[in-house]
Amino acid sequence: MSSSEAAPGAGTGTERPSATIAAARPAADRLQRPSAGWALLGSELAVLFRRWRTWAMLAALAAIPVLIAVAVRITGSSRGPAFLSQITSNGIFVSFTALVVCVPLFLPLTIGVVAGDTIAGEASHGTLRYLVIAPAGRLRLLAVKYAGCAAFCVAAALVVGVAGALIGMLLFPIGPVTLLSGVQVGIGEAYLRLLLIALYIVVSLLGLCAIGLFLSTMTDVPVGAMAATAVLAVISQVLDQLPQLSALHPWLFSHYWLGFGDFLRAPIVWDSFGSNALLQLGYIAVFGALAIGRFTTKDILS
């Protein structure tokens, strides 16, 4: 047998594409492994929390409890809503008040910015096509983008709670907290309940994250997706206040946003948390499926 018969294509250059494909296959296989998803998630979180915009939004959220505490301290007034009237006697209520203030507008606004930018932001910068041609796949990219938005929810809620706790300790006395049910708990348990409230708020915002992710797949202009997400959050809360639409209220994603008062009772009542988690899971499933359907069939041009 001749050498040309033993090595088909030898000397013609046809062996090079096969060799190239064989050499590239291990790299592609590495990107297909589960560890590639974690690497992609780590990269997404690093990019998200390196942005000045992210830190500016977190700083603005942290400023809200500071402004509340300073205003109460300067005026010395204890008049106002239930939580606000308790601040002068117990600084722990700064965190509770700040979370109540942030839930209807400020937290949804910042979540809308992050969620609306997930896909549309990549498209506007011309980097989306480089992400989708990687063997990691579009589904994995969507999952990573949603996880990044959820991580920002955790950071935002904790920033408000921690900033309120710190400024409350600095400006006001700290002591046992009397719960809504009339039972008094120690400082340690009060902070534990504050942490539970922050986690409740995180769960409450996960449905909005899914809505923002879907809207972000619909456009290459991130500002449009951001604005639409924030507007939907406002509309949902307005509809929830109309008694004529009471039959619709349990289906609105914002319906249970302020239900964390159950964590200030003894014993803790979990009914609101369960209903809220189930509702948010439904929104995640519906808008997650819509995002997958849209993104997997979308022509990526930028």
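The distance separating the Cα centre of the range 250-267 from that of the range 189-220 comes to 14 Å. Quick check: from the Cα gyration tensor, does the range 221-302 come out rounded (a/c under 1.5), prolate or oblate? Because a/c hits 1.5 or more and a/b exceeds b/c, the range 221-302 counts as prolate. Only protein atoms count toward the accessible area here, which uses a 1.4 Å probe; on the range 250-302, the carbon and sulfur part of that area reaches 70 percent. The protection proxy used here, the mean number of other Cβ atoms lying within 10 Å of each residue, ranks peptides 221-228, 273-280, 204-211 as follows, highest first: 204-211, 221-228, 273-280. Phi-derived couplings, Karplus 6.51 cos²θ - 1.76 cosθ + 1.60 at θ = phi - 60°, listed residue by residue for the range 61-72: 5, 5, 6, 5, x, 5, 5, 4, 5, 5, 4, 5 Hz, with x used for Gly and Pro. Placing +1 on each Lys and Arg Cβ and -1 on each Asp and Glu Cβ, with no other charges, gives the range 66-183 a dipole about its Cα centre of roughly 140 debye. 3J(HN,Hα) along the range 88-104: 5, 9, 7, x, 4, 6, 4, 5, 4, 5, 5, 5, 4, 5, 7, 4, x Hz, from the Karplus curve 6.51 cos²θ - 1.76 cosθ + 1.60 with θ = phi - 60°, whole Hz, x for Gly and Pro. Both radii come from the Cα set of the range 147-302: Rg as radius of gyration, Rh as Kirkwood radius; their ratio Rg/Rh reads 1.05. Take the Cα of Ser43, go 7 Å toward its beta carbon, and the backbone nitrogen atoms of the range 93-123 under 17 Å from that spot belong to 118-123.
The values are calculated or read from the model by the stated rules, or taken from the named source; none is laboratory data. These figures come from a predicted structure and were not determined experimentally. Note: ideal-geometry Cβ built from the backbone for every residue, glycine included; neighbour counts use all protein chains shown. Accessible surface is based on the protein model in full, side chains and every heavy atom, while ligands, DNA and RNA are left aside. Shrake-Rupley method; radii C 1.70, N 1.55, O 1.52, S 1.80 Å.
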